[in-house]
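Beneath this line is the structure, given in structure tokens, with notes to follow.
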Amino acid sequence: MSVFDRYLKPDYILDTFKDVTPEFCRKYDIKALICDIDNTLVTYDDPEPTEAVTAWYRSLDDIGVKLSFVSNNEAERVTRFAKPLGVPAFYKSGKPSRRGLRMAVEAMGSDPMSTVLLGDQLLTDVMAAKRFGIRAIVVPPIKDKTTLFFRAKRAIERPFMNKYTKQGAGKNVKT
Ligand SMILES: [Mg+2]
């Protein structure tokens, strides 16, 4: 395994956060989720959880799967988004730093072995998970920003994402 794969390759590639169902969590022994917000659950324009996000959270909460948010975004955005769900949330986490993930695991009281990160970016989300030593699920971004910085990041990620999708990272896991 190349050094890139070691830090960028997600364990599961899904179409949307909604594919992280109670069945999926049971099947893959997921008891806690560390979740990115922007472009993973909602667009940058949604200040609060959508009905779909709330329903998704309830379905997981029903079977005891814990949730936390670890975002690189600002305090105001992250706390406002997390408040209606009442779950632990960490802002300005500086992913790929491990710091936010460590705090989330502590806040949820979860075992890293059964804690999985859910995000949309290889270079921040997946790398943070891999550096921390936990599994990662990647979903395609809901709606990307079109700034030059974001486009550059996506351009770097693209060949890796194409390769991992082709290899079927996680595709087999849906059946
Ligand atoms: Mg994101």
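None of the figures in this text is laboratory data; all of them are computed from the coordinates on show. Keep in mind it's a predicted model, so treat the numbers as computed, not measured. Neighbour counts are summed over all protein chains in view; Cβ atoms, including those assigned to glycine, are modelled from backbone coordinates with ideal geometry.
A few remarks follow.
- Each residue of the range 119-126 was assigned a 3J(HN,Hα) from its phi angle through the Karplus expression (A = 6.51, B = -1.76, C = 1.60, θ = phi - 60°), giving x, 10, 10, 6, 6, 10, 5, 5 Hz with x at Gly and Pro.
- Working from Cα pairs under 8 Å separated by at least six residues, relative contact order for the chain is 31 percent.
- Cα gyration tensor, the range 6-49 - rounded (a/c under 1.5), prolate or oblate: oblate
- Cα gyration tensor shape for the range 3-169, rounded if a/c is under 1.5, else prolate or oblate: rounded
- In order along the range 36-44, the Karplus-derived 3J(HN,Hα) couplings, from 6.51 cos²θ - 1.76 cosθ + 1.60 at θ = phi - 60°, round to 6, 9, 5, 6, 9, 9, 8, 7, 4 Hz, and Gly and Pro are given as x.
- The residues neighbouring S2, those whose beta-carbon lies less than 14 Å from its own, together hold a net charge of +3 under the Lys/Arg +1, Asp/Glu -1 convention.
- Whether the range 88-173 is rounded, prolate or oblate, judged on the alpha carbon gyration tensor where a/c under 1.5 counts as rounded: oblate
- Of M103, M113, M1, M161, the sequence from fewest to most neighbouring Cβ atoms within 10 angstrom is M1, M113, M103, M161.
- By the helix-only formula, in which each DSSP H run with n ≥ 4 contributes -39500 (n - 2.57) and the sum is divided by residues, the chain has a 222 nm mean residue ellipticity of -11500 deg cm²/dmol.
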